[in-house]
Every structure is written in C-alpha cells, then in structure tokens.
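The values are calculated or read from the model by the stated rules, or taken from the named source; none is laboratory data. The structure displayed is predicted, hence computed values, not measured ones. In this analysis, Cβ positions are derived from the backbone assuming ideal geometry, glycine residues included, and neighbour counts consider all displayed protein chains.
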Amino acid sequence: MSTANATIMSNIGGAIAGAAILGLVFLLGVPGNVFIIWSILARARQRSVTTLLILNLAIADGFLMLLTPFFIVYLAKRSWIFNQALCKVLFYLCCANMYASVLLIMLMSLHRLVAIVWPKRVAALMDHKALTRVLVGLWVLALGLSVPVLVYRKVTTTGNGTTTGNGTTTGNGTEPQSFLCGCEHPQPQYVVMQYCMETVLAFLLPYGVIIGSYMCILRRIRKTRFRRRIRSEKLILAIIVTFGLFWLPYHIINMVQVAATFYPKDSPGKKRLDKIWTSLRALTSTVAFVSSCINPVLYTFAAKSYIRREGLGFMARLFEGTALESSRKGRRSNQNSRDRDKETDEGESLKDKDSDSITTPNASSIIKVVLQKNGK
C-alpha cells in the first residue's frame, strides 16, 4: 500500500489540480452553506420536512468545507505534515459526511414519495419529534459505517533517501521522503470489505431507493390531474443528479481497486489496475468534495425569482415556498383521490339504478302473469 500511496502523491499535476479545486470549493462552500443555515434558522418562518433535511445537509457540507484547508496543504506539499490522530479523524469525518449526505437525499426522495403516493400518511411525517429521532439515527448510522477509516488510516513514509531538516533527502538518485495518510489493509479481503461497503451502502443502495421513489412519483403524477412541475421537485432532483455525478468517479475507482485485489500479486492485470486507481484516487476524491459546495449554487438558481424582491431573505422565501408547495400538493392529491372515490361511488350508484330499472319491470310482469293465472 505504501507504493500505491507514493504513486498517488507523486502525481504532481493531479496534486496541483486537486489543491486548486479544493481552494475553489472552500471559497464557495463555506459562505454558501453558512448562508443556507442562517436563512433557515433566522429567516424562514415555516420549516417543512424538506427544509429540515436541507438544513442538515447544509450543516454536514459546511462542516466538511471547514476541513478542506488541511487537504489543500496535503496536496500542495504532497506530504502529510500533521499527526496520525488528525489523519484518522479528518478522513473519518469526510467518510461520515459521504454517508450522511446520501442518506439525507434518500430521505428527501422518500418523503416526496409518501407526500404524493400516500398523502394521507404525510401528517405522520410532519411530526418534528419523529423527524428528529430519524435524523439522530441517520447520523449515528453514518458515524458507525465510517469506523473502518479510523481503523485502517495510518501515516506512512515513502522515499529511500536520507531526510534533511527541511523534509527533503540528499544523495544521488534517491527519492525525497514524504508522509502519506492512507489506508493500510493487512489483508486484501479488508480492501474488498471497506470499499465494497462504501460503494454499496453509500451509492448503489440509496440511489436504487431514490430512482425507485422517483419512478413511483412520476407514475403517480401521470395518473392524477395534478401534472404541473413543482419548484421543490426540480430542486431535489437537481441535488440528486449533481451528487451522483460528482461521487460516481470515486466509487468507480473503489471498484477498480477492489478488482485489483483478485489478481495475482505480480500479474500484468493487477499492475494495470493498480496504476489506474493510484493515479486517479486523489483526483476523484477531490472531485467528490465539489458536491458539498454545489448545493448553495443550485438553491440560488432555484430562488432567482425571489432575489430582487426579497433581498437577503430570498433563500428563506424559497424554503417557505417548498413548504407551501408540499402542503398544496398533499391537499390536491387528497382532493384527487376523493374525486376518484366520488366518481367511483357515482358510477356504482348509477349501475344500481340501472339494475333497479331493469329488474322492476320484470317483477311487475311476473306479478301480472300470476294474477292472470289466478283469474283475479
């Protein structure tokens, strides 16, 4: 693993590009997510379930953005200059953010599903105490699933030269010594366990739930009279798509690294796959950070109609609008279901009347026949 990590950090172009991307992410993400948190807590008068989920997502992303300076220094110096405790804790928090973010987005999708397909049950989801318990459980789950990072992250050294006082080495043909914060797995099966767990539980499984939810939502909308596109629906869909696009390369590299463990140690296939994941691991991890700063940009585009009228309160008006749209959507879905039930009842009553009109003459004719036979 040390050789692989040395290859990652020896990619000068990737390290410089990653540091530049993280610098931009920090400049956009910190003020953007802080503004979202302030808008919801200080300016929003109505806090829907979607708004509270967005608040938790902004808290997770904003906290992650505060950690980016450590990773900027890491990429710029191509050496971990901090201690091992920070190596474990910082990457552990990054992994927890990954799990929490995708689980929060999954909850948004499930809430929209219930609000549209089962509108009568949405009142149970509006209970803030129940939502608080769900959110606490979500954060505990995210922190628990990230434990392998605490176990396997370690600071290792690379380079075989003699270290001088400024961190470089002397001697002919020797490689400068550097410190790397990477995962050190004692056995290949631990590589498979950690990265398969990340890809399945933080990407494939939640995205399967998200896609299934939106397929049900679209099918339901087509069956009802309420076909107008809703701003909050578009906003959540944009969050889902951007999160997937920025995290997909990271999980692809996870699977490349897992595939490399199934090859014999010195086989050409293993060398080829190791070269792929070691050269792209740093870049794909950096790109994944972008997902945490892009949401405020999406919110701003969604709320552009409020900016001129509301000033700094435009974001709060957006979130209040999503709350109103959710309630209207629930009422309209209920009305649609009531209308369908009413139409069904009217249809059944008409059938009953028709059957009565058919059976009544038959009954009277039978009575007449009996009377004629009796001669009365």
Looking at (1) at pLDDT 85 or above; (2) in a helix (DSSP H, G or I); (3) farther than 19 Å from Thr199 by Cβ, can you tell me which one Ile116 breaks? (1)
Hey, can you tell me all the residues within segment 258-279 that are of a type in the set (Phe, Trp, Tyr) and crowded, with 17+ Cβ neighbours inside 10 Å? Trp277
Confirm whether Ala96 is at pLDDT 90 or above and under 20 Å from Leu150 (Cβ atoms). yes
Only listed residue being assigned to a helix (DSSP H, G or I), in contact with a Phe, Trp or Tyr (Cβ under 9 Å, 6 or more places away or on another chain) and in contact (Cβ under 8 Å) with a residue 24 or more places away in the chain, chosen from Ala76, Ala100: Ala100
In segment 1-36, the residues that are at pLDDT below 85 and either farther than 13 Å from Ala282 by Cα or touching a Phe, Trp or Tyr at 6+ places or on another chain (Cβ under 7 Å) (or both): Met1, Ser2, Thr3
Just to be sure I understand, how many residues within segment 33-49 are surrounded by fewer than 22 Cβ atoms within 10 Å (Cβ to Cβ) and either in a helix (DSSP H, G or I) or acidic (Asp, Glu) (or both)? 8
Only one of Gly62, Gly23 that is more than 30 Å from Ala115 (Cβ to Cβ) and not aromatic (Phe, Trp, Tyr): Gly23
Looking at (1) touching a residue at least 60 places away in the same chain (Cβ under 8 Å); (2) more than 30 Å from Lys88 (Cβ to Cβ), which one does Leu218 not meet, given that it meets all the others? (1)
Number of the condition not met by Ile40 [criteria: (1) more than 30 Å from Val155 (Cα to Cα); (2) within 16 Å of the chain's Cα centre (by Cα)]: (2)
